[in-house]
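Engineer: Before anything else, here's the structure in question.
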């Protein structure tokens, strides 16, 4: 059984070094059976956790994220059996890659609505990802969590304000994953100091309190994709990343 999936090989560059990674996006196909997919892709630890999930939306989002994570990892590792690549949880709920051979890769996972995504990266080069649905109805709620500077960045942008607000929120979420805190600390810690357009669909942000990181955000019609990575690293985002329906 396969779900609709896109795979993007990634090339991180930092000074004279290059690091391989992979990004996978999975679209929910309502025809798939959650129990059947779980039996095909989950290892024993994951299956035990999946059995505790009682609600169908949570089951499906968990499977979307795990399927995306295993798919991108399988393109970087010699292990092709998805059940043999287990994604367990750390003490802060961060995903941990467990595979028979020490892979040297970590993974960051996000899922929202009918889309799941994961990015595999070398563990010495931390990365966080977040995907958010662009929904004008959420605009006022997001504004309550933004700083005055961030609100001014929205007002002066040439893009629809609800799109920029969603992008800023996605950047904060992605940073919280790099830090393995989740959004459990005061939201002001993750404030952005700058947010500028690089091209028609890609933006770059810098943080007030974490100058060693930057956010790269692709803004499409339906989703905002944020990737947070070390500031001096270079990554070219796929052109169609923000166009996933």
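The values are calculated or read from the model by the stated rules, or taken from the named source; none is laboratory data. Because the structure is predicted, anything quoted here is derived from the model rather than measured. A quick note on method: Cβ atoms are made from the backbone with ideal geometry, for glycine too, and the neighbour counts reach across all protein chains shown.
Residue-wise test of (1) closer than 22 Å to residue 95 by Cβ; (2) out of contact with any helix residue (DSSP H, G or I) (no Cβ under 8 Å at 6 or more places or on another chain).
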residue: 167; (1), (2): no, yes
residue: 187; (1), (2): no, no
residue: 190; (1), (2): yes, no
residue: 221; (1), (2): no, no
residue: 225; (1), (2): yes, no
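Engineer: Then there is this: Name the single residue that is farthest from the chain's Cα centre (by Cα) among those in the range 126-138 being surrounded by fewer than 16 Cβ atoms within 10 Å (Cβ to Cβ) and in contact (Cβ under 8 Å) with a residue 24 or more places away in the chain.
Structural biologist: This residue is 136.
Engineer: If you don't mind, another one. Could you grab me the full set of residues in the range 61-78 that are free of Cβ contacts under 8 Å to residues at least 40 places away in the same chain and out of contact with any helix residue (DSSP H, G or I) (no Cβ under 8 Å at 6 or more places or on another chain)?
Structural biologist: 77, 78 - these are the residues of the range 61-78 that are free of Cβ contacts under 8 Å to residues at least 40 places away in the same chain and out of contact with any helix residue (DSSP H, G or I) (no Cβ under 8 Å at 6 or more places or on another chain).
Engineer: Can you list the strands (runs of 3 or more DSSP E) lying wholly within the range 30-113 that have 3 or more residues being closer than 24 Å to residue 11 by Cα and at pLDDT 90 or above?
Structural biologist: Fully inside the range 30-113 and qualifying: 95-98, 105-112.
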